[in-house]
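Here the structure is laid out as structure tokens; the discussion comes afterwards.
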Amino acid sequence: MEDKVAIVTGGGGDIGRSVALHFAQEKAKVMISDVDKDAGKETANMIIIASRN
């Protein structure tokens with residue numbers, strides 16, 4: 001999925017977070033949307049941390 005863009009709505013919830021993390025592992029660029037701003041940021045931070053390893 002390298003060079004693809006994934007837009008994940010509900011990216012702060014359990015299923016959305018799993019999907020976003022999976023796409024990021026597959027090297028897609030991931031955009032996260034969620035009504036819970038803090039949960040969305042948490043998912044984004046998890047992706048950033050995972051990409052450093």
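So, residue 6, is that one surrounded by 14 or more Cβ atoms within 10 Å (Cβ to Cβ), among the hydrophobic types (A, V, I, L, M, F, W, C) and assigned to a strand (DSSP E or B) or not? Yes: the conditions hold for residue 6.
Can you name every residue in the range 9-19 that is in a loop (DSSP other than H, G, I, E, B) and on the phi < 0 side of the Ramachandran plot?
Pass one, the range 9-19, residues in a loop (DSSP other than H, G, I, E, B): 10-13.
If the condition is that a residue be in a loop (DSSP other than H, G, I, E, B) and on the phi < 0 side of the Ramachandran plot, then 11, 12, 13 are the ones that fit.
In the range 20-53, the residue that is surrounded by the most Cβ atoms within 10 Å (Cβ to Cβ) out of those that are assigned to a loop (DSSP other than H, G, I, E, B) and acidic (Asp, Glu) is 34.
The numbers here are math on the coordinates, done by the rules we state, and not lab data. Everything numeric here is computed off the predicted structure, so don't read it as measured data. Using ideal geometry, Cβ is built from the backbone for each residue, glycine included, and neighbour counts are taken over all protein chains shown.
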